[in-house]
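The values are calculated or read from the model by the stated rules, or taken from the named source; none is laboratory data. Just so it is clear, the model here is predicted, and its values are computed rather than measured. Cβ placement follows ideal geometry from the backbone for every residue including glycine, while neighbour counts extend to all protein chains displayed. Just the protein is used for accessible areas: all its heavy atoms, side chains included, with ligands, DNA and RNA removed. Shrake-Rupley method; radii C 1.70, N 1.55, O 1.52, S 1.80 Å.
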Amino acid sequence: MHLIAAGQLIDSEPERALEHARYARQRAPRIPSVREANGLTAYLVGEWNEALSELRAVRRMAGGPGHLAIMADCERAMGRPERAVELSRSEEATQLDQEDAVELRIVAAGARRDLGEIDASVVSLQTAELDPKLQEPWSARLFYAYADNLAAAGRERDAFTWFVHAANADDEEETDAADRLEELAEKLGGPDAVEELVTEAEAAAEVDDEDFEDDSEADDAEADDDVDELDEQSEDEAENADSETAADDEAVEEKVADDKAAERSAESDATDADADNAGGGARAQ
């Protein structure tokens, strides 16, 4: 009953829905579906830590890839984008169905952007699903995410084109693509320039299906290679930084050792001098 109530209230009274989900969890903590409902409701309310904990429990209890995209989004929301990227590259990610895999790519692209990897965020979304002719449940969100990352990379004309595709695919009005188009229109030169860009976008959406499929397969492989290359560059930079730090530390340690040796030498010389003075005094007497 409490799970049913949570489902009925989630859109209108999400906080009350979470109360019902939590109560159901207290009554049946070993039932995966109950923990899943608690986790998903917590996520919708913005209780990131609780949502992540519950969905991790579901994975332990039931197995399978679980709600990786939501878990990655929780990690990102809690300021841990690197963990979101790790989830997107995990073995479990390869087991997701197409819709969940696209959602995870969107979240991971946002996480890369949080890390300052703007180019990688753009490249990682260039997959077969990035087809303006598609009208899948995820199409509007994917097109929007791609356009948003293009804009962040300073590619405003390309961003405008993909915001057009997002707006055309967004029958449920899940995004604010129309508003973003208005913002970009002023930056790109007004109505005349916008009309040209819209024409280009509509023409791009009419590319032959077979040609696009061939290109998209190549794009998938190229996108994965490019992202891997960018990751390797980041790892190399980190390793170089570590090497430089290690070298600096070694130099500091050598300097400290030299200083200590000099101090010991000076102390030894002083001791010898005192001994000589003492011996001279005794002979004088």
Just need a number here: residues in the stretch 114-139 that are over 13 Å from Ala166 (Cβ atoms), among the aliphatic types (A, V, I, L, M) and more than 16 Å from the chain's Cα centre (by Cα). 1
Just to verify a result, which residue in the stretch 72-115, among those that are assigned to a loop (DSSP other than H, G, I, E, B) and open to solvent by 40 Å² or more (accessible area, probe 1.4 Å), is nearest to Glu50 (Cα to Cα)? Met78
Tell me which residues, restricted to the stretch 6-48, are of a type in the set (S, T, N, Q), farther than 22 Å from Arg60 by Cβ and either part of a helix (DSSP H, G or I) or open to solvent by less than 80 Å² (accessible area, probe 1.4 Å) (or both). Gln8
Has the stretch 210-233 got any residue that is under 23 Å from Asp73 (Cα atoms), β-branched (Val, Ile, Thr) and at pLDDT 95 or above? no
Which numbered condition Ala140 misses (of (1) open to solvent by 30 Å² or more (accessible area, probe 1.4 Å); (2) on the phi < 0 side of the Ramachandran plot): (1)
Screening Met78, Met71 for residues that are closer than 27 Å to Ala145 by Cβ, free of Cβ contacts under 8 Å to residues at least 40 places away in the same chain and in contact with a Phe, Trp or Tyr (Cβ under 7 Å, 6 or more places away or on another chain) leaves only Met78
The one condition in (1) buried (at least 20 other Cβ atoms within 10 Å of the Cβ); (2) part of a helix (DSSP H, G or I); (3) at pLDDT below 95 that Arg60 fails to fulfil: (1)
Report whether or not Leu3 is open to solvent by 20 Å² or more (accessible area, probe 1.4 Å), within 30 Å of Thr94 (Cβ to Cβ) and in contact with a His (Cβ under 8 Å, 6 or more places away or on another chain). no
All positions within the stretch 157-182 that are surrounded by 14 or more Cβ atoms within 10 Å (Cβ to Cβ) and over 23 Å from Trp138 (Cβ atoms): Arg157
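Residues are listed down the side, and each one gets a yes or a no for (1) among the charged types (D, E, K, R); (2) over 17 Å from Tyr43 (Cα atoms):
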| residue | (1), (2) |
| --- | --- |
| Ile70 | no, no |
| Glu82 | yes, yes |
| Gln95 | no, yes |
| Ala101 | no, yes |
| Val107 | no, no |
| Leu125 | no, yes |
